[in-house]
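Enquirer: Input: one structure, supplied below.
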Amino acid sequence: MQLVLYGGFGEKGRTSLGVRTRDFHLLLDAGVKTSARGRADYVPAITPGELARIDAIAITHAHEDHVGALGWCLAHGFTGRIFMTAVTRAECEVIVAAYGSAGEARRVREARIEPLPDDFALGPLRIVTGRSGHIGGGVWCAVDDGAVRLGYCGDVVTASPVFAYDPLPACDALVLDASYADDAVPFAARAADIASWVRALPQGCVLPTPLFGRSLELFALLRPQVALAPGMRDALVAQIEAAAWLVDGLAEGLTRDLAGTMGYTPGAPWPPMPVLCHDGMGLTGPSREILALAQQTRHPVLLTGHVPDGSPGDDLLAAGAAQWKRLPTHPTLGENLALVRACAPRVVLGHSCAADGLARLHRHIPSLRQRAVTGDVLDLT
């Protein structure tokens, strides 16, 4: 088995991993790098010739750094099979439309997309999937060619209070979600800090968030005293209705509390509660207008996830018009250490992390190949 690092290694964004074995080529994820819009490295480092030779693409979940380049792949030579879960399928088109072109979104809408099962054969490969704990419809993948088993995390959270996680099996090689490098602060401590910050603002605030995933975790943390920007209610309803992806027993209470929340129209007076709006960086969706209004009126803004260089969220931080507190939607150091112990791989890679973060993580995980970067080809046999 060979791994081809098409994106997301030594960098944050455009996560894309090629798996080659016995003349069969599989691509795991096809993301964009939001900090590089307009540049060549916005999309995976794959040539049209390579795309034409890929037999299948499996998408782990509907976030832009994992699916945003799917339409680009279809437009630049890929003609193979596409796999994703039904929940991811329902969410992915809006993501491609927001971070790609209208033509790319149309190609995704018209493509034949097959369900991603939890255990199936694909060419010479056996692929097993499990719930990732990161987002509804999100999965990790274990890919076995008979000689090597690769565990690919996509994005995972092993201890989310909202999204269910299924344990990864033992594997020979493991690709970790290294988004947080060596950050060891657990979810509960971060969540308590955010809740305290919000409670201290009786005038309300703005909480930009991705449409899917972190949006539901923020709602679960702060409910029912939140207001929802356009599009947010439908996204929350869809996530709650996909109850099989949630922690057991959670859906009923979320549904009840969501029914009592108010909506917020951009330009209306600020409500005395947090406003949840999409997206989390101010690059697209209602948050572009809402963040501009917040800056004009000096209304508090809290960013809780990745903020790309040059994004509206980054500009607000630089101007002192926003604060940042992480709500963990990726594994902390303790979670990744536990994954390595449980899976017992001989080779470990980390995606979605810059070189300095990988160097810090390597101090805790000596088997991590910290210098593996986008463009590398690794032989696992």
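Here, each number is a calculation from the coordinates, and none is a lab measurement. Just so you know, these numbers come straight off a predicted model, no measurement behind them. Cβ coordinates were reconstructed from backbone atoms using ideal geometry, including for glycine residues, and neighbour counts include every protein chain displayed.
Enquirer: Note down the net charge around Ala142, summing +1 for each Lys or Arg and -1 for each Asp or Glu among other residues with Cβ under 14 Å from its Cβ. Don't skip to the answer; put the middle values down first.
Expert: Details: positive: Arg126, Arg131, Arg149; negative: Asp118, Asp119, Asp144, Asp145, Asp166, Asp172.
Net charge around Ala142: -3.
Enquirer: Restricting attention to the range 109-150, which trypsin sites (Lys or Arg not before Pro) occupy a DSSP loop and are surrounded by at most 13 other Cβ atoms within 10 Å?
Expert: In loop regions of the range 109-150 (DSSP not H, G, I, E or B), the sparsely surrounded trypsin sites (Lys or Arg not before Pro) are Arg112.
Enquirer: Next question. How many nm is it between the label spots at Ala338 and Ser101, if each spot is 7 Å from the Cα in line with the beta carbon?
Expert: It is 4.5 nm.
Enquirer: Would you mind telling me the antiparallel percentage of the DSSP bridges in the chain, rounded to 5? List each step's numbers first, then the result.
Expert: Details: 29 of 60 bridges.
Antiparallel: roughly 50 percent of the beta bridges in the chain.
Enquirer: Alpha carbons only, please: Rg and Dmax for the range 11-104, in angstrom.
Expert: 12.2, 37
Enquirer: Distances longer than 22 Å among the Cα atoms of the range 187-324: what percent of all pairs is that? Present the calculation step by step, with values, prior to reporting the outcome.
Expert: Values: 3125 of 9453 pairs.
Value for the range 187-324 (Cα pairs over 22 Å): 33 percent.
Enquirer: Suppose the Debye formula is applied to equal point scatterers at every Cα of the range 135-180; what is log10 I(q)/I(0) at q = 0.14, 0.19 Å⁻¹?
Expert: These q points yield log10 I(q)/I(0) values of -0.35, -0.61.
Enquirer: Further question: Taking the Cα centre of the range 187-324 as origin, sum charge times position over the Cβ atoms of Lys and Arg (+1) and Asp and Glu (-1), and report the length of that vector in debye to the nearest 20.
Expert: Working: 8 positive and 12 negative charges, 70 e Å.
Roughly 340 debye, rounded to the nearest 20.
Enquirer: For the chain, what is the charge dipole size about the Cα centre, in debye to the nearest 20, if Lys and Arg each add +1 at the Cβ and Asp and Glu each add -1 at the Cβ? Don't jump to the answer; show the numbers that get you there.
Expert: Working: 33 positive and 39 negative charges, 77 e Å.
Here the chain has a charge dipole of around 380 debye.
Enquirer: Taking the Cα centroid of the range 326-381 and of the range 137-166, what is the distance between the two, rounded to the nearest whole Å?
Expert: So the separation of the two Cα centres works out to 14 Å.
Enquirer: Roughly how many whole Å is it from the C-alpha centroid of the range 173-200 to that of the range 3-48?
Expert: Taking the Cα centre of each part, the range 173-200 and the range 3-48 sit 26 Å apart.
Enquirer: Let me ask something else. State the answer as a single residue: which of Ala98, Ile135, Gln295 lies farthest towards the positive end of the charge dipole of the chain, with beta carbon charges of +1 for Lys and Arg and -1 for Asp and Glu, about the Cα centre.
Expert: Farthest along the dipole direction, towards plus: Gln295.
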